Amino acid sequence: MSAEGDLDVVDSAGRSDLDWALKGAVAAVNTPGVVLFLSFLGFGAMTHDFGWPLWIAVLSTALIWAAPAQVVLAGALANGAGLLGAALAVTVSGVRLLPMVVALLPVLRSERTSLGARLLAAHYVAVTAWFEGLRLTPTLPRTARMPFFFGLANALVLGSSITTAIGHAAAGVLPSALSIGLLGLTPLYFLLSLERGAKSLGERVALGLGLALAPVIGLVAPASDILWTGVIGGTAGFLVQRVADKRRRP
Amino acid sequence: MSPALDPGYLLLAVVLSFVGNDLWRVLGVVLSARLDEDSGLFAWVRMVATALVAGLVAKLILAPAGGLALAPLWLRLAAVGCGLAAYGVSRRSLTLGVAVGEAALIAGVAALGI
């Protein structure tokens with residue numbers, strides 16, 4: 001469970017790492033978690049349509065643990081991209097995980113966080129775990145953040161793996177309107193979560209530019225459009241925030 | 001059975017994707033080692049991540065891979081519009097926004113008989 005080390009270490013609030021991990025697991029069963037579980041129901045249904053065995057679909061959720069990357073993989077293989085082409089497309093789609101890890105780890109880590117724990121935490125970084133980690137952990141005592149995040153992330157992986165299997169099994173039974181609806185859950189939920197998470201002016205600029213730029217940049221550089229969208233939109237948001245901060249405190 | 005559906009081939013594809021994806025996560029750990037939570041660089045990286053995910057959302061809605069592409073573009077945009085409207089009216093309720101957007105998408109697909 002927690003790679004933090006001794007589970008019987010007790011913090012000032014009298015809670016052990018295991019207590020915090022359990023709190024994190026419980027926090028996973030919330031709107032974002034449930035929406036994530038439902039969108040993996042959609043992914044499971046999609047892999048059934050593409051002819052994947054159930055165990056491969058579940059393994060992809062548990063191991064890759066990034067819904068967009070899994071959708072890219074399934075879509076690329078279905079379009080005959082080949083093994084290396086599909087893996088390359090997935091790798092390019094994963095670039096966004098790097099800044100997410102860089103943004104989350106300084107919030108999670110404490111004095112006693114080992115390299116192994118940081119690597120494991122980074123593996124769990126995906127959109128929902130990232131949003132919820134950033135939203136829920138900053139108010140916790142610093143030493144509680146990592147075990148809380150491990151509890152949260154493990155519960156998200158477990159629930160998503162189960163719903164992937166259910167979606168795969170139900171695919172033949174589900175009417176197409178429902179299975180298409182399930183595939184639409186992920187982008188809709190990502191969009192609303194981003195809006196709710198963007199509190200500062202700069203973050204709103206980054207969000208708006210990200211939405212507007214991706215389709216345009218996709219025409220010029222389809223292989224690296226997401227990366228360029230992030231760099232351009234994020235830098236613009238950062239500069240806007242800088243100017244806004246200076247005006248407030250001259 | 002086509003080679004793309006062979007379980008061994010799929011397993012290799014999943015493992016390669018895991019390696020390609022986790023490469024960025026490991027690199028993130030390396031880069032974050034000396035980064036301060038309150039630094040300007042941290043703020044910049046966070047905004048880059050926000051714009052990245054926003055870009056991905058735009059692509060998933062405008063040019064989706066897989067079954068979502070069966071719903072026409074106008075229906076996808078209308079469903080997102082309904083979801084955003086419900087989210088705004090309900091003072092930023094994720095649950096309500098997602099539920100209304102989904103209902104619009106499912107009802108639209110059913111009405112079109114896709």
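Consider B:ILE114 carefully, then state whether it is part of a helix (DSSP H, G or I), farther than 22 Å from A:VAL127 by Cα and within 7 Å of chain A (Cβ to nearest Cβ).
On the way: part of a helix (DSSP H, G or I): no; farther than 22 Å from A:VAL127 by Cα: yes; within 7 Å of chain A (Cβ to nearest Cβ): yes.
The answer is no for B:ILE114.
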query = Considering the range A:208-226 alone, what residues qualify as being touching a helix residue (DSSP H, G or I) at 6+ places or on another chain (Cβ under 7 Å) and surrounded by fewer than 17 Cβ atoms within 10 Å (Cβ to Cβ)?
reply = A:PRO215, A:ALA221, A:ALA223, A:SER224
query = With respect to the numbered conditions (1) more than 9 Å from chain B (Cβ to nearest Cβ); (2) surrounded by fewer than 24 Cβ atoms within 10 Å (Cβ to Cβ); (3) touching a helix residue (DSSP H, G or I) at 6+ places or on another chain (Cβ under 6 Å), which one is the sole condition not fulfilled by A:HIS168?
reply = (2)
request  = Residue by residue through the range A:174-189, note down the ones that are at the interface with chain B (Cβ under 7 Å from one of its Cβ atoms) and surrounded by 24 or more Cβ atoms within 10 Å (Cβ to Cβ).
outcome  = A:SER179, A:ILE180, A:GLY181, A:LEU183, A:GLY184, A:LEU185, A:THR186, A:PRO187, A:LEU188, A:TYR189
message = Anything in the range A:191-207 that is buried (at least 24 other Cβ atoms within 10 Å of the Cβ), closer than 17 Å to A:ALA126 by Cα and touching a residue at least 24 places away in the same chain (Cβ under 8 Å)? List them, or say none.
response = A:SER193
ask   = Which condition number in (1) touching a residue at least 12 places away in the same chain (Cβ under 8 Å); (2) surrounded by fewer than 19 Cβ atoms within 10 Å (Cβ to Cβ); (3) polar (S, T, N, Q); (4) at the interface with another protein chain (Cβ under 7 Å from one of its Cβ atoms) is the one that A:THR229 fails?
value = (2)
request  = Among the helices (runs of 4 or more DSSP H) lying completely within the range A:47-159, list those that include at least 1 residues that are modelled with pLDDT of 95 or more and facing another protein chain (nearest Cβ under 7 Å).
outcome  = A:54-63, A:115-123
query = Of the residues A:VAL101, A:VAL92, which single one is among the β-branched types (Val, Ile, Thr) and crowded, with 24+ Cβ neighbours inside 10 Å?
reply = A:VAL101
message = Against the conditions (1) in contact (Cβ under 8 Å) with a residue 12 or more places away in the chain; (2) surrounded by 16 or more Cβ atoms within 10 Å (Cβ to Cβ); (3) more than 7 Å from every other protein chain (Cβ to nearest Cβ), where does B:ALA79 fall short? Just the number, please.
response = (3)
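The values are calculated or read from the model by the stated rules, or taken from the named source; none is laboratory data. Nothing here was measured: the structure is a model prediction, and the numbers come from that model. Cβ: placed from backbone, ideal geometry, glycine included. Neighbour counts: every protein chain shown.
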